[in-house]
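S.K.: I'd like to ask some things about the structure below.
The values are calculated or read from the model by the stated rules, or taken from the named source; none is laboratory data. From a predicted model like this one, the values you see are computed outputs, not experimental measurements. Cβ sites come from the backbone with ideal geometry, for glycine too, and all protein chains shown count toward neighbours. Accessible surface areas use protein heavy atoms only, side chains included; no ligands, DNA or RNA. Shrake-Rupley method; radii C 1.70, N 1.55, O 1.52, S 1.80 Å.
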Amino acid sequence: MEAVVSAAFWRGRKVFLTGHTGFKGGWLSLWLAAMGAEVHGYSLAPEQSPALFDIAKVGGRTATALADIRDAAALADSVRSCRPSIVFHLAAQPLVRHSYADPLGTFSTNVMGTANLLEAVRGCPGVEAVVAVTTDKCYENHEWPWAYRESDALGGHDPYSSSKACAELVCAAYRRSYPGCAPIATARAGNVIGGGDWSANRLVPDLLQAFAEGRSLAIRSPEAIRPWQHVLESLAGYLKLAERLASGQNDAASAWNFGPADDSNRPVSWIADTLARQWGDGASWHRDGAGHPHEAQTLRLDSAKSRQQLGWAPRWSLEQALSATLDWHRAWLRGDDMQAFTLEQISAYARG
């Protein structure tokens, strides 16, 4: 495969990473540290237990500041203290259903948190690249069967999706208003899966917990189609994008999709059936007939731009992604060294 992340590029680089205590942030922290980067993390403490940050001992491989991205002064101080070369912005309120319960918290974290970070970067010389992670849900979703491109309209039915569309606009405003500042790109990935995700109201974590407890899981939207992919696929895209930005190619300062191959756009029921079959022991699920807040039923991403201009493409099939997720979860249940196990999965992915 062409898209190989350059370990040599990352060796010795200072990286400022918001959201390093989260699911994606924990995997990215370990990958960066394994390549020799000096990772400075800024995030709230993990919100749930268990947490990947604790189980994989992510804090042992990073310099950690436990603070809120809504605290502009604290964030600016941390950025100035680090003096990073590369900035990844992953800190967010990441859940659609939670955004219905706490819309103000969602907007303040995802919109003003992004503005706070970009303002901190603007006051810190030497930053070569900023990659701000948003979501595939930032598009105005018409529930049509074809995939969304980076040039399609932004929108968002729910507070979470809307807040991420707003974050995209904040990044675009800083990019256009302060051309002398670090180049800023945004990254929109699909529904990521992988070991160490215990977020509430997420399909794969909920399935694994139900299977481990020997119960059938109630699933609210089995027909919904999502762009599923392993977390390492999107992280590889973020890393490739940062490398491109830091190389001085200013055309990279724009929005980028990192979605799976077309055959990985599967309904929720297919994911549940496949994971139940891989688990065995009579694992099962059933339809939840209760009423729930609105969620999009169909969503696909067009990643042609990332494939053609970055040389990025998915490495693992959806079946491989589910198998790797299940392997990680079973290793955790066995009591394995989960930092070592996580690093080995990263190494296996990087080897292709």
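S.K.: What do you reckon, is Tyr100 closer than 29 Å to Pro159 by Cβ and in a helix (DSSP H, G or I)?
M.R.: Criteria met by Tyr100.
S.K.: May I ask you to say which residue of Arg61, Arg97, Arg83, Arg11 is on the phi > 0 side of the Ramachandran plot and either among the charged types (D, E, K, R) or surrounded by fewer than 16 Cβ atoms within 10 Å (Cβ to Cβ) (or both)?
M.R.: None of the others qualify; the one that does is Arg83.
S.K.: Something else about it: Suppose we filter Ser323, Ser303 for residues that are in contact (Cβ under 8 Å) with a residue 40 or more places away in the chain and closer than 30 Å to Ala182 by Cβ; which single one remains?
M.R.: Result of the check over Ser323, Ser303: Ser303.
S.K.: Another question, if that's okay. Residues of segment 169-201 being within 24 Å of Glu47 (Cβ to Cβ) and surrounded by fewer than 20 Cβ atoms within 10 Å (Cβ to Cβ), which ones?
M.R.: Listed by number, the residues that qualify are Trp198, Ser199, Ala200, Asn201.
S.K.: May I pose another question? Just checking, which of Pro46, Pro50 is surrounded by fewer than 23 Cβ atoms within 10 Å (Cβ to Cβ), in contact with an Asp or Glu (Cβ under 8 Å, 6 or more places away or on another chain) and either under 20 Å from Trp198 (Cβ atoms) or of a type outside the set (Lys, Arg) (or both)?
M.R.: From the options Pro46, Pro50, the qualifying one is Pro46.
S.K.: Within segment 217-235, is there a residue that is surrounded by fewer than 19 Cβ atoms within 10 Å (Cβ to Cβ) and either closer than 24 Å to Ala51 by Cβ or among the polar types (S, T, N, Q) (or both)?
M.R.: yes
S.K.: Taking only pairs six or more apart or across chains, which ones have beta-carbon atoms under 7 Å, a first residue in segment 334-352 that is under 11 Å from Lys57 (Cβ atoms) and hydrophobic (A, V, I, L, M, F, W, C), and a second residue that is at pLDDT 95 or above and open to solvent by 50 Å² or more (accessible area, probe 1.4 Å)?
M.R.: Taking only residues 6 or more apart or on different chains, the pairs are Met338/Trp332; Leu343/Ala34.
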